[in-house]
Amino acid sequence: MSGHIVSRKVYFAIFLSLMVLTAATVAAAFVNLGALNVLVALTIAVAKATLVALYFMNLRYSERLTWVMVAAGVTWLGLLIGLTLSDILTRSWIAGALG
Amino acid sequence: MQTSHAMAEVPGPAPQALDYLNADYGIRSWLFTIDHKRIAILYLLMITIMFVVGGVFAAAVRLELLTPQGDAFEADTYNKLFTMHGIVMIFFFLIPSIPAVLGNFCLPLMIGARDLAFPRINLLSWYVYMVGAVFGTFAIVAGGVDTGWTFYTPYSTTASQTNVIPAVLAGFIVGFSTILTGLNFIVTVHKMRAPGMTWFRMPLFVWAIYATSLIQMLATPVLAITLLLLVLERGLHIGIFDPALGGDPVLFQHMFWFYSHPAVYIMILPSMGVVSEIVTCFSRKQIFGYTFVAFSSLGIAVIGFLVWGHHLFVSGQSAYAGMLFSLLSFLVAIPSAIKVFNWTATLYKGKISWDTPMLYVFGFIGLFTIGGLTGLFLAALGLDVHLTDTYFVVAHFHYIMVGGAIMGYLGGLHYWWPKITGRLYPEFWAKIAAVNIFIGFNLTFFPQFLLGYLGMPRRYHAYPEEFQVLNVLSTGGAPVLGVGYLLPMVYLIWSMRYGPRASANPWRATGLEWTTPSPPTTHNFEEVPVVTQDAYDYPAMEKKVA
């Protein structure tokens, strides 16, 4: 619930984690991982966003209805990305099928 | 069948009890109000002005299309006219129309609450709308914008020399007003229902507004992101959508329609809620299949998110994605059909009366059905290749958004007008206007189905001569429709001063809003009501009268 008090220690730990992950993003940018470049960058970004939502936005200590709302948001983002990819990933299929 | 359902009048001089209208006077009392009913009136005022502005642009478009030659306006001017018609009508009239006016006014009353959950955020939403309107007005006055209301890239980011950024920012800003309203409604429905007002006792209008609010919350942020990316590309040349900069123009269409297709349901779902209220009241029957109608609103809200790709069938989208979106688009017809069948079943053996709100409902059911069924034509992959970007599409979405959404809005406005103003409108003129709108609408838009089927493309200011007869019919219908819209503006304003005073429940309707005085007091209910009955228990009410 919103009444839950989070200790400063936790906040500092999360802040430190975010800084480390930012440094990891910068470091990864200097290494050419080929097709994995985007995957690595996005994985780090998602990890950071999760930490912010769980601790800085107090989601971890929130009631279930708030979790439902967040889950709806994430699901809808999934729909946007998933159905858009249904186009982008299959555009070359027709050309392939026609030889 | 009953022929008329006379509105109950209160005889003699009116009691001057304090209500939300006369509780305070002066411009400050309106501009700083946090009363949901007054904020609804503020919205009503603004969206009416916007409706007139959008209507003027529409009239200019129809005037140009009276003759095959492009003689009234230059091609570029014509592009601006239909663009601004779309932007004003969609972002500034249709989307806020029922939620921000009738939803704002009625939702707390209908669930037995004294206000919305966040009254100050409610007022903030109106000011945000006004800031958006300032940007929109600037875009118009500074010379207009010519991209079409869809702002398609790469034209909007690279080629257009018109006021794209102010117009885009207008849409961006007004979107936040929508988000705030949606948030307020969702929290209010969850947290502020009166004791005994369970989810399945809620009026179906509340279900519809709730489903609409979910769409507003989940879709509008994507519009904001998309429009912001457009501004970044146009202003700073960051490649997102422009192929020359490494972008993908079809990505813009995906992101834009992820919002804009559900936005159609933001317009039509509240109208469906209004229809459910009116159809029960004026046939004196419980709604047929309450649970189905309630869940079909949520069904439309969810499935409506999965169909956007049918706007991209000929845009270079993968054929496989096209098949998927075609199938999903057919699915959305199911919850819509459930509603239409259930309303029709509600009418069966009902004591139907032909008062003005009911005329609009009959109009809605007929026109929405035509609009919905022609949507299935467009969802079919092969047929859409022929019909895409023709007047068939224009006719289809006007049957949904004007024949459906505006009919519902006007029906609801007439239905709740005695509650909003405490006055009755002249029934005779109201009926004339409703019939006038129905005739004018069909005369304007039905020929456009034929024109589109014959191959007339949309968004051109000139056309081949063989299309003239149908275009003359369409342009001839526009003034009839215009008079139909003008009439309510005149007699509703007239009724605010000269109309007979309305009783608390002039339609003998169920619902908590009708237990309050007309107009209600600032805090709606002297005592918080306790609900013990299901919604629409008209049979019990009729028995009592008998």
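Just for helices (runs of 4 or more DSSP H) wholly inside the stretch B:365-424: which have at least 3 residues that are of a type in the set (A, V, I, L, M, F, W, C) and open to solvent by 30 Å² or more (accessible area, probe 1.4 Å)?
Working: elements: B:381-387, B:391-400, B:407-421.
Fully inside the stretch B:365-424 and qualifying: B:381-387.
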* Asked: So which residues in the stretch B:495-520 are open to solvent by 30 Å² or more (accessible area, probe 1.4 Å) and within 15 Å of residue B:20 (Cβ to Cβ), if there are any at all?
  -> B:496, B:504, B:517
* Lone unmet requirement of (1) open to solvent by 90 Å² or more (accessible area, probe 1.4 Å); (2) within 14 Å of chain B (Cβ to nearest Cβ); (3) more than 30 Å from residue B:213 (Cα to Cα) for residue A:30 -> (2)
* Here are some residues: A:43, A:90, A:25, A:50. Which one is polar (S, T, N, Q), within 14 Å of chain B (Cβ to nearest Cβ) and either surrounded by fewer than 13 Cβ atoms within 10 Å (Cβ to Cβ) or free of Cβ contacts under 8 Å to residues at least 40 places away in the same chain (or both)? -> A:90
* Name the single residue, out of those in the stretch A:55-78 being open to solvent by 90 Å² or more (accessible area, probe 1.4 Å) and in contact with a helix residue (DSSP H, G or I) (Cβ under 8 Å, 6 or more places away or on another chain), that is nearest to the other protein chains (Cβ to nearest Cβ). => A:67
* Asked: Taking residue B:470, is it open to solvent by 30 Å² or more (accessible area, probe 1.4 Å), in contact with a helix residue (DSSP H, G or I) (Cβ under 7 Å, 6 or more places away or on another chain) and at pLDDT 95 or above?
  -> yes
* When the residues of the stretch B:270-327 are filtered to those that are part of a loop (DSSP other than H, G, I, E, B) and within 14 Å of another protein chain (Cβ to nearest Cβ), which remaining residue is most open to solvent (accessible area, probe 1.4 Å)? -> B:314
* Out of (1) open to solvent by less than 20 Å² (accessible area, probe 1.4 Å); (2) among the hydroxyl-bearing types (Ser, Thr, Tyr); (3) assigned to a helix (DSSP H, G or I), what's the single condition that is false for residue B:353? -> (3)
* To do: Would you mind telling me which numbered condition in (1) free of Cβ contacts under 8 Å to residues at least 40 places away in the same chain; (2) among the hydrophobic types (A, V, I, L, M, F, W, C); (3) surrounded by 15 or more Cβ atoms within 10 Å (Cβ to Cβ) residue A:14 fails?
  => (1)
* Restricting attention to the stretch B:208-223, report how many residues are open to solvent by 10 Å² or more (accessible area, probe 1.4 Å) and away from chain A (no Cβ under 11 Å). => 1
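Any chance the stretch B:128-135 includes a residue that's closer than 30 Å to residue B:518 by Cβ and either assigned to a helix (DSSP H, G or I) or open to solvent by 10 Å² or more (accessible area, probe 1.4 Å) (or both)?
At the first step, the residues of the stretch B:128-135 found to be closer than 30 Å to residue B:518 by Cβ are B:129-130.
Cutting the leftovers down to either assigned to a helix (DSSP H, G or I) or open to solvent by 10 Å² or more (accessible area, probe 1.4 Å) (or both) gives us B:129-130.
Yes, the stretch B:128-135 contains a residue that is closer than 30 Å to residue B:518 by Cβ and either assigned to a helix (DSSP H, G or I) or open to solvent by 10 Å² or more (accessible area, probe 1.4 Å) (or both).
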* To do: Would you check if there is a residue in the stretch B:152-168 being under 19 Å from residue B:103 (Cα atoms) and not in a loop (DSSP other than H, G, I, E, B)?
  => no
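The values are calculated or read from the model by the stated rules, or taken from the named source; none is laboratory data. Owing to the predicted nature of the structure, the values given are computational and were not obtained by experimental measurement. Because the Cβ atoms are built from the backbone with ideal geometry, glycine has one as well, and the counts that use them run over all protein chains shown. Please note that ligands, DNA and RNA were not included when accessible areas were found on the heavy atoms of the full protein model with its side chains. Shrake-Rupley method; radii C 1.70, N 1.55, O 1.52, S 1.80 Å.
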